[in-house]
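The values are calculated or read from the model by the stated rules, or taken from the named source; none is laboratory data. Everything numeric in this text was worked out from a predicted model, so none of it was measured. Cβ coordinates were reconstructed from backbone atoms using ideal geometry, including for glycine residues, and neighbour counts include every protein chain displayed. In case anyone asks, the SASA skips ligands and DNA or RNA and just uses the protein heavy atoms, side chains included. Shrake-Rupley method; radii C 1.70, N 1.55, O 1.52, S 1.80 Å.
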Amino acid sequence: MVDHFSRRSFLAGATALLTPGALRAGAPERSLHPRQRPEGLNGPERIIRAAGLPGDVAFAVADAETGMGLEAVGGDRALPPASVAKALTALYALDVLGAEHRFATRVLAAGPVENGILKGDLVLAGGGDPILDTEAVARLAAKVKAAGIHEVQGAFKVYSGALPFVKSIDPGQPDHVGYSPAVSGIALNFNRVHFEWARAGSGYAVSMDAPAGEYRPAVAMAKMQVVRRSLPIYTYEAGERLDSWTVASGALGGGGSRWLPVRLPGLYAGDVFQTLMRSHGIALGRVEVVRDAPQGATELARHESEPLRDILRDMLKYSTNITAEMVGMSATAARAGIPASLAASAAEMNVWAMERFGMQAPAMVDHSGLGPASRLAPQDLVRALVAVHGDGTLRSLMKPFLMRDAAGRVMTTHPIKVDAKTGTLNFVSGLGGYMTAADGTHLAFAIFTADLDTRARIPRAQRERPDGARSWNRRAKGLQQALIERWGALYGS
């Protein structure tokens, strides 16, 4: 249970935030007290009150170069970080795997090849690549053909055991949201299938496919049926080898499309690869998903991802949950062996964060922040941001946070520059990263806000767009900007 923010318990005057000795050689062993500044400007309590934001508010800000704590309200109060957690995951992956790490997806021959005939199994082996798409799989199929293969006599297998299988990142989300798909050691198109519909006579023509670039293979392992009803808009039923969907005809209009989550990622990747191999005249047998890596197999083709640095930049920009989960679990696999579950991987990241940055009590349950049970204190995140500020790696990967005027228009000439990771769940909003004030002062900060009581009352079916969440989030973002402007005026002018 998270205690609600109380104005009576507001911290009069900022308190020491960090223990820089844990981060920098030669730094003081004691906590540094923040510089005292006159309160001529609106204090943080007034800013919080003006935001009119029900729920909890916690933040911390420090000098990014010295680690000196400057101001905090509930800095040690652990709240859901939402997608701000991806900043921590990025640091974890960079530290364990390295910025140049590439994920490999391979096609293997488990048996001899004689005169272009594979006398054994063909294996599509996932290597944890979170950005594998249909175009990359098409190139793999072409490479197999170029290797001289024209017939496969054995089985067709998909190896997915490089990472744990997770049916849904957050099972509490509605079934149809594309941001909470399944996760495994192989993922295709972020484990989403493309559903498209158009009016056809008195009904609808529908398709389920896997488009990327010039390719658009149909998908057999996901089916959609249009049903005469108004609500619910979607229903989902899991089969052993089929994602079975229905959609309400009353919600379709004249036509459209959307991405739906895939719950059987190995079958999905195998389905698409099988189609693309068939385009080269190579027939494969029924897809068989395996968790054990093939032993003694020969590599026929390989696809390597972009460097991890580039993958993380896109993850932080677009806030892709599956990318965070796959790079986080891949880091755990390299650090401590393949984890038993997503939660076990997040627990290993928590241990790493305490060892690496001296965090006090990180309690992540995943790597994306989608799970509402995750908790992180602002001052713990600020510890990490300060520790890595010197090399500039994380800030260079972060997306600019654009300051806005009272009408919501972007202020391109605003004197404060911010690079940060946003985080949004229903009635949860976070922001964490770096700001540069007008005088060049660099600050590291984290702001977490959450109305967990209201969030807990939202029915599962309404969690995609619940009433009131948008206006609450708008007020939260206004609070974030007001605090940033305060810090720029107090500590950077």
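Details
- Test: residue in the stretch 231-239 that is in contact (Cβ under 8 Å) with a residue 24 or more places away in the chain, under 16 Å from Arg192 (Cα atoms) and in a helix (DSSP H, G or I): no
- Here Thr89, Thr66 are screened, and the one residue that is among the polar types (S, T, N, Q) and not in a loop (DSSP other than H, G, I, E, B) is Thr89.
- Unmet requirement for Asp380, which otherwise passes all of (1) within 23 Å of Pro261 (Cβ to Cβ); (2) part of a helix (DSSP H, G or I); (3) among the acidic types (Asp, Glu): (1)
- Flag if Ser230 is under 26 Å from His150 (Cα atoms) and either open to solvent by 40 Å² or more (accessible area, probe 1.4 Å) or of a type in the set (Lys, Arg) (or both): no
- Any hit, the stretch 369-390, residues being on the phi > 0 side of the Ramachandran plot and modelled with pLDDT under 95: no
- Residue within the stretch 324-333 that is over 15 Å from the mean Cα position of the chain (by Cα) and crowded, with 17+ Cβ neighbours inside 10 Å present: yes
- Residue match in the stretch 69-81 (condition: in contact with a strand residue (DSSP E or B) (Cβ under 9 Å, 6 or more places away or on another chain), assigned to a strand (DSSP E or B) and farther than 27 Å from Leu397 by Cα): yes
- Here Gly172 fulfils each of the conditions (1) open to solvent by 50 Å² or more (accessible area, probe 1.4 Å); (2) in contact (Cβ under 8 Å) with a residue 40 or more places away in the chain apart from (1).
- Residues that are among the small types (Gly, Ala, Ser) and assigned to a loop (DSSP other than H, G, I, E, B) within the stretch 392-407 comprise Gly392, Ala406, Ala407, listed in sequence order.
- Tally of residues being under 20 Å from Pro211 (Cβ atoms), hydrophobic (A, V, I, L, M, F, W, C) and part of a strand (DSSP E or B) across the stretch 95-138: 1
- Annotation: of all residues in the stretch 448-464 being under 23 Å from the mean Cα position of the chain (by Cα) and farther than 24 Å from Ala377 by Cα, the one that is least open to solvent (accessible area, probe 1.4 Å) is Ile458.
- Qualifying residue in the stretch 418-441 (condition: in contact with an Asp or Glu (Cβ under 8 Å, 6 or more places away or on another chain) and surrounded by fewer than 20 Cβ atoms within 10 Å (Cβ to Cβ)): yes
- All positions within the stretch 54-73 that are under 16 Å from Pro44 (Cα atoms) and of a type in the set (Asp, Glu): Asp56, Glu71
- Breaking point among (1) in contact with an Asp or Glu (Cβ under 6 Å, 6 or more places away or on another chain); (2) touching a residue at least 60 places away in the same chain (Cβ under 8 Å); (3) open to solvent by less than 60 Å² (accessible area, probe 1.4 Å), for Ser207: (2)
- Within the stretch 248-263, if we keep just the residues that are assigned to a loop (DSSP other than H, G, I, E, B) and more than 19 Å from the chain's Cα centre (by Cα), the residue that is surrounded by the fewest Cβ atoms within 10 Å (Cβ to Cβ) turns out to be Gly254.
- Only a single item in (1) modelled with pLDDT of 50 or more; (2) in contact with a Phe, Trp or Tyr (Cβ under 8 Å, 6 or more places away or on another chain); (3) buried (at least 19 other Cβ atoms within 10 Å of the Cβ) is not met by Glu45, and it is number (3).
- Positions within the stretch 391-400 being at pLDDT 95 or above and either among the acidic types (Asp, Glu) or open to solvent by less than 30 Å² (accessible area, probe 1.4 Å) (or both), in sequence order: Leu394, Leu397, Met398
- Selection of the stretch 465-493 for residues being of a type in the set (A, V, I, L, M), open to solvent by 10 Å² or more (accessible area, probe 1.4 Å) and under 19 Å from Leu385 (Cβ atoms) yields only Leu490.
- Once the stretch 98-122 is narrowed to residues that are under 24 Å from Arg335 (Cα atoms) and either of a type in the set (D, E, K, R) or open to solvent by less than 40 Å² (accessible area, probe 1.4 Å) (or both), the residue that is farthest from the chain's Cα centre (by Cα) is Arg106.
- Some residue of the stretch 91-103 being among the hydroxyl-bearing types (Ser, Thr, Tyr), touching a residue at least 40 places away in the same chain (Cβ under 8 Å) and in contact with a Leu (Cβ under 9 Å, 6 or more places away or on another chain): no
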